[in-house]
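First the structure, in the form of structure tokens, and then the observations on it.
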Amino acid sequence: MTFDIVSFIVLAVATTATALGVIAFKNAVHSALSLILTLLFLALFYLQLQAMFIAVVQILIYAGAIMVLFLFVVTMLAPDQNESDLKDAIPWQRIVGGLLGLVLVAALSYELFTGAQITGPKAAAGNSLTQAVTAYHGDTQAFGMALFHGFLFPFEVTSLLIIVAILGALVFGRRAN
Amino acid sequence: MFDFMNDPTVALIVATIVKGAILIVVLLTAFAYMTLIERRVVAKMQGRIGPNRAGPLGLLQPVADALKMAFKEQIVPTQAKKAIYLVAPVISVVVALCAFAVVPIGNNWSGSRNVHSIWDPMIGNINVGILWILAISSLAVYGIVLGGWASGNRYSLLGALRSAAQMVSYETSLGLALSGVLMWTGSLSMVDIVTRQQDMGIWFILAQPLGFVIYLIAGVAEVNRAPFDLPEAEQELTAGYLTEYSGLRWSLYQMAEYINMITVSAIASTLFLGGWSFFGLTDGIPVLSLVIFVLKVALFLFLFIWLRATLPRIRYDRLMRFGWQVLLPLSVLNIVITAFAVALHWSWIVSGLGGLIVIVIMLFVMRRKGILEGTRFTDALKDKEGKTHLPTSVRLATFENTTLPAAIEKEPEAQDSTAVRV
Amino acid sequence: MPLSAYLIMSALLFTIGVIGVLIRRNPLIIFMSIELMLNAVNLSFVALSHFLDSADGQMFVFLVLTVAAAEVVVGLALIVSIYRRRHNIDVDEMNIMRG
Amino acid sequence: MTNLSLWVLLLPLLGFIILGLAGRFMPRTAILAVGWGACGLAFLCAAISFFSMLATPAAQRTSDQVVYHWISAGTFSLDFGLLLDPLSMTMLLVVTGVGLLIHIYSAGYMADDPSFWRFFAYLNFFIFAMVMLVIANNFLFLLVGWGLVGLASYLLIGFWYQRRSAVAAAQKAFVINVIGDFGLMLAIFLIFQGAGRLDYAGVLTHTFPAATATAIALLLFVACAAKSAQLPLYMWLPDAMEGPTPVSALIHAATMVTAGVYLVARAYPLFEQSPAALAVVAGIGGATALFAATIALFQLDIKRVLAYSTISQLGYMFMAEGVHNYSAGIFHLVTHAFFKALLFLGAGAVIHALAGEQDMRKMGGLWGRLRVTGLTFLIASLAISGIIPFAGFWSKDEILGSVLAYGNQTGNVWYYILWAIGILTAGMTAFYMFRLFFGIFAGDYRGASVAVNDNTNGDVEEQEAAAAGHHHAGPVRYNSIHDVAPVMSIPLIILAILSVIGGFIGSMALFGLPNWSPLANFLPAAMHNHAAEGSLTLEWISTGLSLLAGVLGIGMAWRLYGKGFAFKQNSNPLYQLVFHKYYVDEILNAVLIIPVLALSRTLSRYLEGDVLDGGSRGISTLFRGTSTFMRRVQTGYMRNYALGILLGVVVIIVYYAVRG
């Protein structure tokens, strides 16, 4: 039992628990808090995978921006309304959905355990992450190089997407008068 | 006895814990004495004396305050969501303390850039230092929003939502203002930023005057200090998200606020004033770097107090408009100027001058606009029937229009104060 | 830890997200479940990026992050505007498309 | 060699984009600056490239420049490339040069139009499309240009879209052009199948099987016939006169309609492989020349006379190409561009001066009022009539000479007939052109005296012209007619000068200068060395006869109309036949449109009533029954649908898990 394994197991249990919390809490604020914790734990996973930049960006964007927005909306809209007050129109869906979910996770795990282990081709010499990290003295720099050279076009497209999203939000958010 | 310290990993962990503990103690003490200093300074500015009874010069006042707070009754409102209500202030403090982890407080003890020791005065030199600070400080909203929401009080909720909107709005400008520095440095690490300023022989305030100004303004707004202390406005919101808090938990929020203030000051001095460095003075005597750093931070803290004593609170809609329509475009402009200078290998003087010119123009324009707009609701806000409409951003409640006596209607100033009734 | 551990973790999170979408009626929570699914995929991206020693996986995560931000902005704006109209955000109430 | 052809292509596109996006908000001067600037700079670039080309040795004058690598699939790859060689250079100069003059002229002609910006945007777009057509280095981008000029033509014919007749004409033009595009597409398919590639360099050196070559050449000629208004696809061109007159001058006389001539010249190696196709080209060309000329004899609308004249002249060009003398066709294309553009612009000036009047019966005596227009119109008429030494003489002479020489060489009597048709048409051309000239300029002004609605030409809709553009504003008093402004007259004068001297780029072998032939020497030698080499005597016979025919035609016109044009109804059946354009429109109406309408009406009554409706009612009942059942699945609960998706995902994953 090395430190690596212990930390993985602890993290995995915590993440699963909080993720379950997201869908189990009746109050949406509690769900949101649970999701925030899940996201922070995922950031720790990323740290474990030596993706420091992604980890911090995960905190910055997901926990810092997206979930704030969620919390904002949740607290603003019917903060006291609990879901269980309303009658469930299709109660059988819970059982079927849960069962199907179990099948899904079982099938995926089975696949991952028995199927071909992903040993896949390692990145080519020019494309290796470790090499890039050494060359640029850090994964942030390596990430930046990759983003602005190989992925420039998708990156720019994303900026367009964000502008469209902002405009869309503005249109929806305008009061109808 | 200290054999286990031979393992480098263990040694690193132990050193980090010890350094963290020291930092927390220092920060908490600093918080305590900041309150005292603030009260004394503000009192001086207002021609009063301030607390001077407990101990010499009032030095024991913080201790007295702490004792008072600790023994006060902690009221939990019945309509509160208890768990979150209790946890929210803690989130605030923890987040505030976390952000400080990547700030380099002084030079390496060796005095040399390349000789490191695990006991060097910084907790972690990570590759994404600034991003870490931004990420952590973006979590600070939670303490406030959750506290406001969990109090089960409308005033608290409104204050919390205002605060969230304000912090999210100014966070963008804040992050963008830092980008200029990052472009000059080419690294996100705080240590690199300091060494880069040493190498260039300047402080980045010279290359980034516009970024500095934007950062300061956004920073003040980010920590909810006057004149941007809308979230806790006593007059409008009966202290906002703090309404239902009392005793130790109330002081936790205060603690978070002051620690955030210190963090903002520390980042400002690291990024724009060369951090712990002082033109080569610190290379020989590393301990001096701590003193220099504290002095620089103190400078900013004094500025915070000064602002509070001087400026009146800004109106909410103006606050938002200023954030989105002035600060954000300016910070983008700053990025553009800096990007040109960096990409084309121009001297830092170019971006410095460019920033200064923009600042001058903006001051001029804002002064003119301010004069044109006046500081009151103008006629432009009235529709044809003479009804007054507030800007949408402040229309959080419905207003009923009261008919006015004809005599008052002729007098615009009186009308402004009475036409709107909540 | 082997790669499959991370992938199974990812599958687990994804399934939890799926179940959340299926059984919850509050659109905000459904939204959160979708975020959970996105994050599950992100986790496998980062894990694969690490084990295949390529930066591409992390690029995808970065793009997914931005897309998620855009999606949340529009989605929440939609929910708010629906709430303004109906003062109720139960998804089962939004069934005017019923056959 | 300086090659600025990319700029020639892009500048008009840029102009179009600027005008199209912002033209509505721009002041007139800015619109003109962009419109003229785009076209003028394009012309400048073309001219620079031209002089640079002249300075290079003849063998290195072809430049095949790949601009963009477009498709690469397996062994097949296709680039967007620009082919600049003497042929496309000539076309570029004509397109941008005449285009520039017409841009300038349009500023005056369209000055009062509310959609001023739109007009210039379309004009720039047309120049772009035409340059694309001319300069593409493969058949696919030729097709792109081919389609785009069709679109530009459609837009410009229907420019005054408030007029119903203009919209109808635009649609007609578009539909007939699409027939041609279809032919071109089929030809391209065949080429691709045969040669496996589409770039000129590869295709034109490829040898196809005889049958394929004939099929390709004929299909290409279908495209050419549609674009260049040859029999039987000519009907759209007279109707296209609904567009503003500068458009008629630019597109429907000088440039676009000559695209067919250009295509035949461009693809001449393909035509060389198929003598049968070339015979068809020559035959159709000759038939069209005569046919259109006879119709032009008795038209009353001045623009229509010119339209039929254009069709007829295009027939000449195909005639030349049909006897292997491609450079003669191009030569006539160039000179025709000068004088026919001039004729149209002159007609436009007359129409402008008379506030929209196009009927020859209401003109006359304008020589006294429109001096510049009259003089330039006279020069152009002389040029088209083939009177020495004007431009038309040289080019028409070269065509007729080579037809005769070819007939002499092959001994085929049909080519003699073709030649005779050419001579006859030349005479008719001279007659109708001077009938037109005298009708407009000689005699007394008839505008004020003729009753307004005496329009037998069937253009009733013209009377209900819409508010925009040059609608008919009633007769204008003679004394208030003024000659056109300099912005319109300067292009007229320049074109007149070109119509006088333009012929001297042709061959002077007739006058003892066997080596003087700038255009033919400039164009690749292969484009005329397949042509028959006639003796000087034959040439002189041909020249003399065509000159004689021209003079006779002018003389007859002088006798009949020299004192002024007088319209008389004539009950002669032949006259009626020609006057009504051989009743082609009526025949089409009777043969095609009425039966189709009747058939569909019958079908709709009987077939649809019981057969189809019965069937569909049964089907609808079936579906209603099924959907009543299926509707239950559609619960309206979003979560239900999500469950369905999950079910699908699980099935797929389990399938793969089980299969291993």
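What residue, among those in segment D:40-74 that are part of a loop (DSSP other than H, G, I, E, B) and polar (S, T, N, Q), is surrounded by the most Cβ atoms within 10 Å (Cβ to Cβ)?
D:Thr62
Within segment D:101-116, how many residues turn out to be of a type in the set (Asp, Glu) and open to solvent by less than 20 Å² (accessible area, probe 1.4 Å)?
So in segment D:101-116, the residues of a type in the set (Asp, Glu) come out as D:112-113.
Going one step further and asking which of them are open to solvent by less than 20 Å² (accessible area, probe 1.4 Å), we end up with D:113.
Residues flagged as of a type in the set (Asp, Glu) and open to solvent by less than 20 Å² (accessible area, probe 1.4 Å) within segment D:101-116 amount to 1.
Each row is one residue, and each column tells you yes or no for (1) open to solvent by 20 Å² or more (accessible area, probe 1.4 Å); (2) at the interface with another protein chain (Cβ under 9 Å from one of its Cβ atoms); (3) more than 23 Å from A:Ala65 (Cα to Cα); (4) modelled with pLDDT of 85 or more.
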site: A:Met1; (1), (2), (3), (4): yes, no, yes, no
site: A:Asp4; (1), (2), (3), (4): yes, yes, yes, no
site: A:Val13; (1), (2), (3), (4): yes, no, yes, yes
site: A:Gly21; (1), (2), (3), (4): no, no, no, yes
site: A:Ala32; (1), (2), (3), (4): no, yes, no, yes
site: A:Ile36; (1), (2), (3), (4): no, yes, no, yes
site: A:Phe41; (1), (2), (3), (4): yes, no, no, yes
site: A:Phe45; (1), (2), (3), (4): no, yes, no, yes
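Please work out which residue is farthest from B:Ala218 (Cα to Cα), limiting yourself to segment B:148-171 and to residues that are crowded, with 24+ Cβ neighbours inside 10 Å and more than 10 Å from every other protein chain (Cβ to nearest Cβ).
Taking the candidates together, the pick is B:Ser151.
Looking at segment D:316-348 only, could you name the residues that are over 13 Å from D:Ser395 (Cα atoms) and of a type in the set (Gly, Ala, Ser)?
Of everything in segment D:316-348, those that are over 13 Å from D:Ser395 (Cα atoms) and of a type in the set (Gly, Ala, Ser) turn out to be D:Gly322, D:Ala341, D:Gly346, D:Ala347, D:Gly348.
Show the residue pairs that are 6+ apart or on different chains and have beta-carbon atoms under 8 Å apart, the first residue being within segment C:1-20 and at the interface with chain A (Cβ under 7 Å from one of its Cβ atoms) and part of a loop (DSSP other than H, G, I, E, B), the second being of a type in the set (A, V, I, L, M) and open to solvent by 30 Å² or more (accessible area, probe 1.4 Å).
C:Met1/A:Ile5
What about D:Ile501, is it farther than 27 Å from D:Glu272 by Cβ, crowded, with 16+ Cβ neighbours inside 10 Å and in contact (Cβ under 8 Å) with a residue 60 or more places away in the chain?
no
Test D:His352 against the criterion of being in a helix (DSSP H, G or I) and in contact (Cβ under 8 Å) with a residue 60 or more places away in the chain, and give yes or no. Explain how you work it out, then say what you get.
Working: in a helix (DSSP H, G or I): yes; in contact (Cβ under 8 Å) with a residue 60 or more places away in the chain: yes.
So D:His352 passes the test.
Test each condition in (1) in a helix (DSSP H, G or I); (2) touching a residue at least 40 places away in the same chain (Cβ under 8 Å); (3) surrounded by fewer than 24 Cβ atoms within 10 Å (Cβ to Cβ) for D:Phe119 and report the one that comes out false.
It is condition (3) that D:Phe119 fails.
Would you mention how many residues in segment A:143-177 are more than 7 Å from chain C (Cβ to nearest Cβ) and more than 25 Å from C:Val74 (Cα to Cα)?
Number of matching residues: 5.
Anything in segment D:630-644 that is at pLDDT below 80, open to solvent by 70 Å² or more (accessible area, probe 1.4 Å) and of a type outside the set (D, E, K, R)? List them, or say none.
Selection gives D:Met630, D:Val633, D:Gln634, D:Met638.
Would you mention how many residues in segment B:317-363 are farther than 21 Å from B:Gly219 by Cα and touching a Ser or Thr at 6+ places or on another chain (Cβ under 6 Å)?
3
For segment D:526-537, check the following and say yes or no: at least one residue is at positive phi and either at pLDDT 80 or above or surrounded by fewer than 16 Cβ atoms within 10 Å (Cβ to Cβ) (or both).
So far as segment D:526-537 goes, no, none of its residues is at positive phi and either at pLDDT 80 or above or surrounded by fewer than 16 Cβ atoms within 10 Å (Cβ to Cβ) (or both).
Among the residues in segment D:336-346, are any assigned to a loop (DSSP other than H, G, I, E, B) and buried (at least 24 other Cβ atoms within 10 Å of the Cβ)?
no
Pairs needed: first member in segment B:286-298, farther than 15 Å from B:Val194 by Cα and modelled with pLDDT under 85; second member anywhere, part of a helix (DSSP H, G or I) and of a type in the set (A, V, I, L, M, F, W, C); C-beta distance under 9 Å; at least 6 residues apart or different chains.
B:Leu288/B:Leu281
This table checks each residue for (1) open to solvent by 40 Å² or more (accessible area, probe 1.4 Å); (2) assigned to a loop (DSSP other than H, G, I, E, B); (3) not β-branched (Val, Ile, Thr).
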residue: D:Val551; (1), (2), (3): yes, no, no
residue: D:Lys563; (1), (2), (3): yes, yes, yes
residue: D:Ile587; (1), (2), (3): yes, no, no
residue: D:Ile593; (1), (2), (3): yes, no, no
residue: D:Arg617; (1), (2), (3): yes, no, yes
residue: D:Ser620; (1), (2), (3): yes, no, yes
residue: D:Gly625; (1), (2), (3): yes, no, yes
residue: D:Gly648; (1), (2), (3): no, no, yes
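Are any residues in segment B:67-99 open to solvent by 60 Å² or more (accessible area, probe 1.4 Å), among the hydrophobic types (A, V, I, L, M, F, W, C) and assigned to a helix (DSSP H, G or I), and if so, which ones?
B:Leu67, B:Phe71, B:Ala83, B:Val87, B:Val90, B:Val94
I'd like to know if segment D:159-168 contains one or more residues that are under 30 Å from D:Pro114 (Cβ atoms), open to solvent by 30 Å² or more (accessible area, probe 1.4 Å), part of a helix (DSSP H, G or I) and small (Gly, Ala, Ser).
yes
With (1) in contact (Cβ under 8 Å) with a residue 40 or more places away in the chain; (2) within 14 Å of chain A (Cβ to nearest Cβ) as the list, and B:Ile214 as the residue in question, which single condition is left unmet?
Unmet condition: (2).
Of the numbered conditions (1) of a type in the set (Gly, Ala, Ser); (2) within 21 Å of A:Phe155 (Cβ to Cβ); (3) free of Cβ contacts under 8 Å to residues at least 24 places away in the same chain, C:Ser33 fails exactly one; give the number of that condition.
Against the list (1) of a type in the set (Gly, Ala, Ser); (2) within 21 Å of A:Phe155 (Cβ to Cβ); (3) free of Cβ contacts under 8 Å to residues at least 24 places away in the same chain, C:Ser33 comes up short only on (2).
For B:Asn127, are the conditions met, namely being surrounded by 24 or more Cβ atoms within 10 Å (Cβ to Cβ), farther than 30 Å from B:Ser251 by Cβ, assigned by the TED database to the domain that holds B:Lys296 and more than 17 Å from the chain's Cα centre (by Cα)?
Numbers: surrounded by 24 or more Cβ atoms within 10 Å (Cβ to Cβ): no; farther than 30 Å from B:Ser251 by Cβ: yes; assigned by the TED database to the domain that holds B:Lys296: yes; more than 17 Å from the chain's Cα centre (by Cα): yes.
No: the conditions fail for B:Asn127.
How do the helices (runs of 4 or more DSSP H) wholly within segment D:182-260 filter down when requiring 1 or more residues that are among the basic types (Lys, Arg) and buried (at least 19 other Cβ atoms within 10 Å of the Cβ): which remain?
Hits in segment D:182-260: D:210-227.
When only residues in segment C:34-50 that are open to solvent by 10 Å² or more (accessible area, probe 1.4 Å) and more than 7 Å from every other protein chain (Cβ to nearest Cβ) count, which is farthest from A:Leu77 (Cα to Cα)?
Within segment C:34-50, the match that is farthest from A:Leu77 (Cα to Cα) is C:Leu48.
Taking D:Leu400 as meeting all but one of (1) open to solvent by 10 Å² or more (accessible area, probe 1.4 Å); (2) among the aliphatic types (A, V, I, L, M); (3) in a helix (DSSP H, G or I); (4) in contact with a Gly (Cβ under 6 Å, 6 or more places away or on another chain), write down the number of the exception.
Of the numbered conditions (1) open to solvent by 10 Å² or more (accessible area, probe 1.4 Å); (2) among the aliphatic types (A, V, I, L, M); (3) in a helix (DSSP H, G or I); (4) in contact with a Gly (Cβ under 6 Å, 6 or more places away or on another chain), the odd one out for D:Leu400 is (1).
Can we say B:Ile359 is assigned to a helix (DSSP H, G or I), farther than 30 Å from B:Val42 by Cβ and of a type in the set (A, V, I, L, M)?
no
The values are calculated or read from the model by the stated rules, or taken from the named source; none is laboratory data. Note that this is a predicted model, so its numbers are computed, not measured. Neighbour counts run over all protein chains shown; Cβ positions are idealised from the backbone, glycine included. For accessibility, only protein heavy atoms count, side chains too; no ligands or nucleic acids. Shrake-Rupley method; radii C 1.70, N 1.55, O 1.52, S 1.80 Å.
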